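Worksheet for the structure shown next.
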Amino acid sequence: MIKVAIAGPRGRMGQEAVHTIMEKDNMELVAVLDHRELASNLKDYDQFTYDVPVYLDLQQLISTTKPDVLIDLTTPEAVYAHTKVALENGVRPVIGTTGFTDEQLQELTELAAKEKIGAIIAPNFAVGAVLMMKFSAMAAKYMPDVEIIELHHDQKLDAPSGTAVKTAQLIQENRPSHAQGHLDEKETIAGARGADFDGMRIHSVRLQGLVAHQEVLFGGEGQMLTIRHDSYNRTSFMSGVKLCVEKVIQLDHLVYGLENIL
Ligand SMILES: NC(=O)c1ccc[n+]([C@@H]2O[C@H](COP(=O)([O-])OP(=O)(O)OC[C@H]3O[C@@H](n4cnc5c(N)ncnc54)[C@H](O)[C@@H]3O)[C@@H](O)[C@H]2O)c1
Ligand SMILES: O=C(O)C1=N[C@H](C(=O)O)CCC1
């Protein structure tokens, strides 16, 4: 039985994750971490009927309920501290929250290595999104001029998305660094050409009605290849969450990206 705690249980992803873990025979939801005093038990929240204690302090949650794994689905502001506290206290983090800086990722990788403890940071838990990223990395070897368009719901806090950054990093490993577009191009409205990642442009769309979507466009002479993935609901992420909880137990270091454990 894997003892699991979830940070952010009232969120769009957190709610889905609570139901997912409760349905698993080999996992036990021992606690959740919230940041506002609403109730001391999940069964007193409108969304749930489960008897699971709610904590506002991660150290206290860990020392009282001793989870094996912490799933974090909170905000870019909160996630770094949660991951650090988990690693320092022998709890394996499975992190879905996006918005880490390169420096934070580096620090957490070093901390997990020092503590010899497993951790997974997965910018996208959907298997189709991982395939989109892998296929994009393959295509970049042959068609190195790329632009990424990521499209998300309008409540998303970070831009570009974690998936777009990870996609750009995987593409970067597979094509020579170079600027794209006309050498003399000028933006008449700032931001018109999107964010610049090693010469690749990333465009972020935020609109009601969207969940999580991405297109990777490869231009060639007289041709265009488009690789697209759509998550239409948050259930699409849950098989990845379950897989990460099972895999993280076997690791002794931090893994960044679901593609590394599939
Ligand atoms: N990896 C993936 O596949 C994947 C998929 C969807 C979303 N995400 C990421 O997951 C995160 C959450 O997304 P969401 O759509 O569920 O957001 P959301 O805003 O619906 O939920 C976030 C929840 O975190 C809670 N929260 C905020 N600070 C907290 C803290 N300090 N302690 C505990 N709880 C806290 C909020 O109350 C809220 O309920 C985002 O970073 C998003 O980018 C990742
Ligand atoms: O809804 C979100 O927010 C999502 N964020 C992830 C990202 O930033 O890549 C993955 C998909 C959903």
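Derivation of every value follows stated rules applied to the coordinates shown; laboratory data play no part. Predicted model only: the values in this text are computed from it and were never measured. Backbone-built Cβ (ideal geometry, glycine too); neighbour counts: all protein chains shown.
Stretched out fully, how many nm does the piece from A113 to I189 gain, at 0.36 nm a residue minus the Cα gap? Don't skip to the answer; put the middle values down first.
Values: separation 76, 0.36 × 76 = 27.36 nm, distance 4.47 nm.
So the chain would gain 22.9 nm between A113 and I189.
Would you please give the FRET efficiency between H182 and Q223, computed as 1/(1 + (r/R0)^6) with r the Cβ-Cβ distance and R0 = 30 Å, to the nearest 0.05?
It comes out at approximately 0.90.
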Can you tell me the convex hull volume per residue for the chain, based on C-alpha atoms, in Å³ to the nearest whole number?
136
Looking at segment 130-239, which trypsin sites (Lys or Arg not before Pro) are in a loop (DSSP not H, G, I, E or B) and have at most 14 other Cβ atoms within 10 Å?
K186
Which of the lysines could be linked to K66 by a straight reach, that is with a Cα gap under 24 Å, when you skip same-chain ones fewer than 8 residues away?
K3, K24, K43, K84, K114, K116, K242, K247
Relative contact order (%) - criterion: Cα under 8 Å, at least six apart; region: the chain
21
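Can you give the longest run of the chain that contains no GluC sites (Glu not before Pro) sitting in a DSSP loop with at most 12 other Cβ atoms inside 10 Å?
On the way: sites that count: E37, E173, E185, E187, E221.
That would be 38-172.
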Would you compute, for the Cα atoms of segment 127-231, the largest minus smallest coordinate along each principal axis and list the three values in descending order, in whole Å?
36, 35, 24
Nearest-20 debye value, the chain charge dipole, Cβ charges on Lys, Arg, Asp, Glu:
420
Excluding residues on the same chain fewer than 8 positions from K141, give the lysines whose Cα lies under 17 Å from its Cα.
K166
Helix-only CD estimate at 222 nm, as mean residue ellipticity for the chain, using -39500 (n - 2.57) per DSSP H run (n ≥ 4):
-10000 deg cm²/dmol
